[in-house]
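The values are calculated or read from the model by the stated rules, or taken from the named source; none is laboratory data. Values in this document were obtained by computation on a predicted structure and should not be read as measured data. Methodologically, a virtual Cβ is constructed for each residue, glycine included, from the backbone with ideal geometry; neighbour enumeration extends over all protein chains shown.
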Protein chains: 2
Amino acid sequence: MNETIRKQLDHRTIREFTEDPIPKEIVDQLFQVARRTASSTGMQASSIIRVNDPEKKKAIAKVCRQEYVARAPELWIFIVDLYRNSRIAKEKNCFAESIRDMDRFFSGFTDACIMTQNVVNAAESMDLGTNYLGSILNDPMEICKILNLPKLTFPVVGLGIGYPNQKPQIKPKMDMKFRVFEDEYKPLKNYLEAFKDYDQEMHTYYDLRDANRRVDCFTDQVVKGLVNVIPKRQEILNFVIEQGFDLGLYKEEE
Amino acid sequence: MNETIRKQLDHRTIREFTEDPIPKEIVDQLFQVARRTASSTGMQASSIIRVNDPEKKKAIAKVCRQEYVARAPELWIFIVDLYRNSRIAKEKNCFAESIRDMDRFFSGFTDACIMTQNVVNAAESMDLGTNYLGSILNDPMEICKILNLPKLTFPVVGLGIGYPNQKPQIKPKMDMKFRVFEDEYKPLKNYLEAFKDYDQEMHTYYDLRDANRRVDCFTDQVVKGLVNVIPKRQEILNFVIEQGFDLGLYKEEE
């Protein structure tokens, strides 16, 4: 097994970092890796906001409802960015409405996600730790305000990066026999039965965020997650509209 | 610079592969990397359909409008998968409508994307080549039909994997000074002026798919891309609804 894969199999979320800043040459290497990430039709419709201002970090941590977010030495927000290409098009006298469409939105969203993971792999190869912040979407418009995001951009995911100051257990994941299908999707007859072993294994795991109690088994986590509804997260598409995109619904009726 | 990053900076899309199959133990390693990928709130709401059947490969190539898709030794389709967790919930007598919401859809979509990039980095570390297939979204419902995808799943991106049988040039990418912002988004005054060097550089690049002519400069590509509209791609959200998800619009008016 090569070193890249060894590190990938050793992946864990790191939420607490030492106070050491990441040297500039390493940050630059991460940016170069981000730059070399594949991009849908070459449009490079994603960008990174690197948040240094402690007040902005705190404001983002508040949206995420996680104090540790403000303490990350590097806090990067990855965004869909069609604004840049819209400006390029306009300067070329192209005002096509397609710049707002969901095809371009999802392409930019995909670009931003895969760029983030590419950065994660690069960071971990240099013994940095990372944590994904899907929680920035608890309030997308507040993130847009904090980062002064123009129309035709949208926040996708945040990433905290730094030198690890904790060594969490590796989190148990379900067997890939549940997640890989040959040629077509094949539902199981009985899921609770099939997940018994995994549920058991999850009980061996201690989450450092809540060290005083064992975590729920996986199937209980699924149910608890469904009951835990954050309205603004459910309504994300309303904010996508507010950022200037066209959802492209009802076209067939026109 | 370590080997992981050296390979990441050397990334290029590989569309033509030798006929050598990928040994089972290497495929299994790729699955294990996929398994270890970070996942939103631990829900693991993404899956992989590994397409072996030559007829299904051809049908997918037709959706992608690219013959080479059918020739990839490994063709994997990464999907949003809320079906599995919906079944788990139901067997636990939880019928919460939130399983259909856009929060869970986007979390699954993000999971699928970062899983794909993790696999790409693992594959490239073992000198395999890959190509991303955003083009499966040319017709999402046809992909659902080919792969027998149940409700509450959705195709995100395809990936061709194999041993490279071509050595394309590295594609020029825009400077990260255009894609990284400190603390807030800062629009430029004049984009065409700023992109002159990159436009020039793009002219040094030959795309192997169209070897007889130089590629357009980047700013021309942006305009051509906007004029090139594929209606089903613009209407992707209609198909998200067809797959059983609730877009969560107009909640404020209720």
(request) Out of B:ILE60, B:ILE79, B:ILE49, report the one residue that is within 7 Å of chain A (Cβ to nearest Cβ), more than 30 Å from A:ASP28 (Cα to Cα) and out of contact with any Cys (no Cβ under 7 Å at 6 or more places or on another chain). (result) B:ILE49
(message) Looking at the stretch A:236-253 only, could you name the residues that are within 27 Å of A:ASP139 (Cα to Cα) and either in a helix (DSSP H, G or I) or at pLDDT 95 or above (or both)?
(response) A:ILE236, A:LEU237, A:ASN238, A:PHE239, A:VAL240, A:ILE241, A:GLU242, A:GLN243, A:GLY244, A:PHE245, A:ASP246, A:LEU247
(request) Considering only the stretch B:1-16, state which residues are part of a helix (DSSP H, G or I), loosely packed, with under 15 Cβ neighbours inside 10 Å and in contact (Cβ under 8 Å) with a residue 24 or more places away in the chain. (result) B:GLU3
(request) State all residues of the stretch B:17-32 that are touching a residue at least 40 places away in the same chain (Cβ under 8 Å) and under 18 Å from the mean Cα position of the chain (by Cα); if no residue qualifies, say none. (result) B:LEU30
(message) Quick check on B:GLU91: is it more than 7 Å from every other protein chain (Cβ to nearest Cβ) and surrounded by fewer than 23 Cβ atoms within 10 Å (Cβ to Cβ)?
(response) no
(request) Could you please find all residues in the stretch A:83-107 being part of a helix (DSSP H, G or I) and either farther than 26 Å from B:LYS232 by Cβ or more than 21 Å from the chain's Cα centre (by Cα) (or both)? (result) A:ARG84, A:ASN85, A:SER86, A:ARG87, A:ILE88, A:ALA89, A:LYS90, A:GLU91, A:GLU97, A:SER98, A:ILE99, A:ARG100
(message) Among (1) more than 8 Å from every other protein chain (Cβ to nearest Cβ); (2) part of a helix (DSSP H, G or I), there is one condition B:ARG233 misses while meeting the rest; what is its number?
(response) (1)
(message) Return the residues of the stretch A:216-230 that are among the hydrophobic types (A, V, I, L, M, F, W, C), buried (at least 16 other Cβ atoms within 10 Å of the Cβ) and part of a helix (DSSP H, G or I); say none if nothing qualifies.
(response) A:PHE218, A:VAL222, A:VAL223, A:LEU226
(message) Out of the residues in the stretch A:24-49 meeting the condition of being of a type in the set (A, V, I, L, M, F, W, C) and in a strand (DSSP E or B), tell me which one is surrounded by the fewest Cβ atoms within 10 Å (Cβ to Cβ).
(response) A:ILE48
(message) Among the residues of the stretch A:54-82, what is the count of those that are in contact with a helix residue (DSSP H, G or I) (Cβ under 9 Å, 6 or more places away or on another chain) and assigned to a loop (DSSP other than H, G, I, E, B)?
(response) 5
(message) Checking the condition touching a helix residue (DSSP H, G or I) at 6+ places or on another chain (Cβ under 9 Å) and on the phi > 0 side of the Ramachandran plot, which residue from A:GLY158, A:GLY225, A:GLY244 passes?
(response) A:GLY244
(request) Of all residues in the stretch B:168-189, count the ones that are in contact (Cβ under 8 Å) with a residue 12 or more places away in the chain and of a type outside the set (A, V, I, L, M). (result) 6
(message) When you check B:LYS196 against the structure, is it surrounded by fewer than 17 Cβ atoms within 10 Å (Cβ to Cβ), under 24 Å from the mean Cα position of the chain (by Cα) and modelled with pLDDT of 95 or more, yes or no?
(response) no
(request) State which residue pairs qualify: first residue over 30 Å from A:SER98 (Cα atoms) and inside the stretch A:62-84, second residue assigned to a loop (DSSP other than H, G, I, E, B) and of a type in the set (A, V, I, L, M) in any location, beta carbons under 6 Å apart, and separation of 6 or more residues or different chains. (result) A:PRO73/A:ILE22; A:GLU74/A:ILE22
(request) Being touching a residue at least 60 places away in the same chain (Cβ under 8 Å) and among the polar types (S, T, N, Q) is the filter here, so list the residues in the stretch B:40-55 that pass it. (result) B:SER40, B:THR41, B:GLN44, B:SER46, B:SER47
(request) Would you please name the residue that is nearest to B:GLY129 (Cα to Cα), looking only at residues in the stretch B:85-107 that are touching a residue at least 12 places away in the same chain (Cβ under 8 Å) and polar (S, T, N, Q)? (result) B:SER107
